[in-house]
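*Asks:* Here it is: the structure, laid out below.
Please treat every number below as a calculation from the coordinates, not as lab data. Model, not experiment: these values are computed from the prediction. FYI the Cβ positions are ideal-geometry reconstructions off the backbone, even for glycines, and counts take in every protein chain you see.
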Amino acid sequence: MTDTRIALVTGANKGIGLEIARQLAEVGVFVLIGARDADRASAAVAELAVQGLKAEAVHIDLNDNASIRAAAEAIRSRHGRLDILVNNAGIVHAEDGPPTSASPDAARQIMETNFIGTLQVTQAMLPLLRLSPAARIVNLSSSLGSLTVNGDLTSPYYAARLIGYNASKAALNMLTVQLAQELRGTAIVVNSVSPGYVKTDLTGHTGFMTPEEGARLPVKYALLDEDAVSGRFVEASGDTPW
């Protein structure tokens, strides 16, 4: 078993996921590029290789539990353990919107991917993370998942009424809270990280941060030292209210 830290980043073939993978690789972490499209994953690995960074493609589809189980078995076979899990993959939907008008099917699809899919990935990878001397789980959340922010008339996010997406991130935060409690006393630290409003395909490139800027905080929490605190919800300015 190698001493090099092994990280799986889901949805890492583009956008903030690819930047997280790049920044982890730059500090010597061996990164597994998790993606449902094999060609895009291979292209991301090749892009990192041009920069002298080591990575490997792993097929994983958050809506296909068989692919998740197969990914976990492949990681176990090739690397023996997992040190970092960054649950980055997620979707939005054009028919999402306020509760009075959003498509229930759209909300269902978002929840299935962003929450249920992430839960399945986390459960599948936990046996591998338990083999790490200091494992880190980073759940890519959003300020839109904060119940406090959603109810704050003064918040810049108050008008962002996307019942499917916001609820999926609130559910993801619940995963962070409960998992952190369940894993107390172990070497696994779990946190929700809001990267900010990043210019990616997910936001229609309307954000005010670059993917490189948005990746910095998730990477910081993926690399937390032995004094790491578990069960937090954070953004660049500090703790985010649940």
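*Asks:* Kindly rank 121-129, 30-38, 50-58 from highest to lowest mean number of other beta carbons found within 10 Å of each residue.
*Replies:* Highest to lowest by the protection proxy: 30-38, 121-129, 50-58.
*Asks:* Relative contact order for the chain: what percent, with Cα pairs under 8 Å and sequence separation of 6 or more?
*Replies:* Reported relative contact order: 19 percent.
*Asks:* If the cut-off is 19 Å between C-alpha atoms, which aspartates and glutamates fall inside it for LYS14, apart from same-chain ones fewer than 8 positions away?
*Replies:* Candidates past the 8-residue exclusion: GLU26, ASP37, ASP39, GLU47, GLU56, ASP61, ASP201, GLU212, GLU213.
*Asks:* Name the residue farthest towards the positive end of the dipole of the chain from the options ALA72, THR176, SER103, assuming +1 on Cβ of Lys and Arg, -1 on Cβ of Asp and Glu, about the Cα centre.
*Replies:* So the residue furthest toward the plus end is ALA72.
*Asks:* Right, next: Cut-off under 12 Å on the C-alpha distance; same-chain residues fewer than 8 positions from LYS220 excluded. Which aspartates and glutamates are left, in chain and number order?
*Replies:* Those aspartates and glutamates meeting the cut-off are GLU235.
*Asks:* If I fit a long axis through the Cα atoms of helix 15-26 and take the longest principal axis of the Cα atoms of the chain, what angle between them do I get, 0 to 90°, rounded to 10?
*Replies:* Once rounded, the angle reads 30 degrees.
*Asks:* Among ASN191, ASN173, ASN150, determine the one that fluctuates most according to a GNM of the chain built with springs between C-alpha atoms less than 10 Å apart.
*Replies:* Between ASN191, ASN173, ASN150, it is ASN150 that shows the largest mean-square fluctuation.
*Asks:* Report, in debye and to the nearest 20, how large the dipole of the chain comes out about its Cα centre when Lys and Arg carry +1 and Asp and Glu carry -1 on their Cβ.
*Replies:* It works out to roughly 340 debye.
*Asks:* Given Cβ point charges of +1 (Lys, Arg) and -1 (Asp, Glu) and nothing else, what value in debye, to the nearest 20, does the dipole of the stretch 103-225 about its Cα centre take?
*Replies:* Around 160 debye, computed over the stretch 103-225.
*Asks:* Taking the chain as the reference, fit the longest principal axis to its C-alpha atoms, fit the long axis of helix 65-79 to the helix C-alpha atoms, and give the angle between the two in degrees, 0 to 90, nearest 10.
*Replies:* That works out to roughly 30 degrees.
*Asks:* Given the DSSP H assignment, sum -39500 (n - 2.57) over each helix run of at least 4 residues in the chain and divide by its residue total; what's the result at 222 nm in deg cm²/dmol, nearest 500?
*Replies:* Mean residue ellipticity at 222 nm (helix-derived): -12500 deg cm²/dmol.
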